[in-house]
Amino acid sequence: MDAESQADGDVRDPSPNGVRDAEADEDVDVDVGAEFGDELDLDLEEEALAAAAERAAAGELDAASEDALRQWLQRRLSAYLKPGHRARIIFTDNVHTMLSVKRGQGVYTLRMHRMFAAAPPAVLRAVARYAQSQDREAGVLLRRYIDGNEHLIRDAERPRSQQLDTQGAHFNLQELFDGLNARYFGGTIEAKITWGPRARRKPGRESIKLGSYSIEERLIRVHPVLDAADVPRFFVEWIIYHEMLHEVHDMPIVDGRRVYHTPEFRRAEALFDRYAEAVLWERTQVHKLLDR
C-alpha cells in the first residue's frame, strides 16, 4: 500500500493555544438541497436537515442516519478543498481534541467532534481551509465555534490507561507493527497493538478470530494462538496489516448493516507483499490453531 504523509493539524479544547497558524483559502459555495434527504431516505427540508445535524451533534441520531450525514459532510467538505482532493470524516466524542487532520494521497482524514455535524457553511469552509493550510483566521473561527458548543462536549470520566501486552514468546507485536507502519503507511497509523486475553480455549470451537480493531479505543488485538513457533512471521504480519487497514478505510452502513471490508479495502489487502502466501496459509493451516 502506498505510504501516506503524517497529520500535523489539531484543534483541541477551547483554549488560546489550541490552533496553529496558516494561510487563507478561497471560499466555495455548494448547493446541497434534496441530495442529503434522498440519502437519508427522508424528506428533509432545510429545518429538518438542521434538526438532524443537531441530533447527530448531541449523539442522538441512529447509526444509519448519522452515517448518511457524515457522507454528506464529506462531499460538502470535498467541494471546499482544492481540485483532486477529498475529505474523509470520522466523528468522535473526544473531550480534548475537537478536530485533527491527517493528510496523504490526496485525502484529508478529519477526526472531528460530533458538534461539527451541525456546523454552518462558514465553519465547514474554515475546516477545509484549516485542513489544507492551518489558516490563522480559520483557526480563530473554529475556536469560536467550539466555545459556543462547549455544552456538547461530554464530561466523561477519563478511561484507564490501556495495559498493552506486546512481547510474546515468539513475536514482538510492536516491532512487527512499527515495521508495517513504515513500509505501507508512512508511519501514519496511530492505533496501539496488544496480544488479546490469554484465556483457555473453548472446547469444540469451529472458528477463531485472529485479529480485531476497536475504533473507539484505536486498538488492535491479536489472538495469542499466533504466538507460536510454527506460525510464520509473515502470517502474523498479515493479520496486523489487515487490522491496520481499518484505520484508513471507511466502514459505511449499507441497508442498515456496517460494511467492514469494502472493495477498496480488499484492493488494499492485496498490496501486502506476501498476500498470496498468507491467504494460502490461512486456508490450509489455520485449522491447527483451533485446538490450542
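Among residues of the stretch 164-175 that are more than 19 Å from R218 (Cβ to Cβ), those with a Cβ under 6 angstrom from a residue that is open to solvent by 40 Å² or more (accessible area, probe 1.4 Å), sequence gap 6+ or separate chain, pair up as H170/A229.
Residues of the stretch 247-263 that are free of Cβ contacts under 8 Å to residues at least 12 places away in the same chain and among the basic types (K, R): R257 alone. Which pairs have Cβ atoms under 9 Å, sit 6 or more apart or on different chains, and link a residue in the stretch 57-73 that is farther than 12 Å from M115 by Cα and free of Cβ contacts under 8 Å to residues at least 24 places away in the same chain to one that is open to solvent by 30 Å² or more (accessible area, probe 1.4 Å) and assigned to a loop (DSSP other than H, G, I, E, B)? Listed by first residue and then by second, the contacts come to nothing, as the list is empty.
I'd like to check something: does the stretch 259-277 contain any residue that is in a strand (DSSP E or B), within 18 Å of the chain's Cα centre (by Cα) and either surrounded by fewer than 18 Cβ atoms within 10 Å (Cβ to Cβ) or not aliphatic (A, V, I, L, M) (or both)? Checked against the condition, which is being in a strand (DSSP E or B), within 18 Å of the chain's Cα centre (by Cα) and either surrounded by fewer than 18 Cβ atoms within 10 Å (Cβ to Cβ) or not aliphatic (A, V, I, L, M) (or both), the stretch 259-277 yields no hits at all. Within the stretch 84-136, the set of residues being open to solvent by 10 Å² or more (accessible area, probe 1.4 Å), part of a helix (DSSP H, G or I) and in contact (Cβ under 8 Å) with a residue 60 or more places away in the chain comprises A118, P121, R125, R129, Q132, S133, R136.
Is there a residue in the stretch 194-206 that is of a type in the set (F, W, Y), open to solvent by less than 70 Å² (accessible area, probe 1.4 Å) and either at pLDDT below 95 or in a helix (DSSP H, G or I) (or both)?
yes
If you filter the stretch 228-250 down to residues that are open to solvent by less than 20 Å² (accessible area, probe 1.4 Å) and more than 26 Å from the chain's Cα centre (by Cα), you find that the one that is farthest from T194 (Cα to Cα) is V231.
For the stretch 248-292, the candidate set comprises residues that are of a type in the set (D, E) and at pLDDT below 90; within that set, the residue that is farthest from A228 (Cα to Cα) is D255.
Looking only at residues that are assigned to a helix (DSSP H, G or I) and among the hydrophobic types (A, V, I, L, M, F, W, C) in the stretch 137-154, which one is surrounded by the fewest Cβ atoms within 10 Å (Cβ to Cβ)?
Pass one, the stretch 137-154, residues assigned to a helix (DSSP H, G or I): 137-148, 150-152.
Imposing the further condition that a residue be among the hydrophobic types (A, V, I, L, M, F, W, C) reduces the set to 138, 140-142, 146, 152.
Details: A138: 26, V140: 12, L141: 19, L142: 25, I146: 24, L152: 19.
By that ranking, first place goes to V140.
Residues satisfying the criterion are present in the stretch 253-268 (criterion: within 27 Å of S65 (Cα to Cα) and touching an Asp or Glu at 6+ places or on another chain (Cβ under 6 Å)).
Just checking, does the stretch 111-127 include any residue being β-branched (V, I, T) and under 17 Å from the mean Cα position of the chain (by Cα)?
Pass one, the stretch 111-127, residues β-branched (V, I, T): 123, 127.
Keeping just the survivors that are under 17 Å from the mean Cα position of the chain (by Cα) gives none.
No, the conditions are met nowhere in the stretch 111-127.
Can you pull out the residues in the stretch 278-291 that are basic (K, R) and surrounded by 12 or more Cβ atoms within 10 Å (Cβ to Cβ)? Answer for the stretch 278-291, where residues must be basic (K, R) and surrounded by 12 or more Cβ atoms within 10 Å (Cβ to Cβ): just K288.
The values are calculated or read from the model by the stated rules, or taken from the named source; none is laboratory data. Fair warning: this is a prediction, and the values are worked out from it, not measured in the lab. Because the Cβ atoms are built from the backbone with ideal geometry, glycine has one as well, and the counts that use them run over all protein chains shown. Side chains are part of the model used for accessible areas, which takes the heavy atoms of the whole protein and leaves out ligands, DNA and RNA. Shrake-Rupley method; radii C 1.70, N 1.55, O 1.52, S 1.80 Å.
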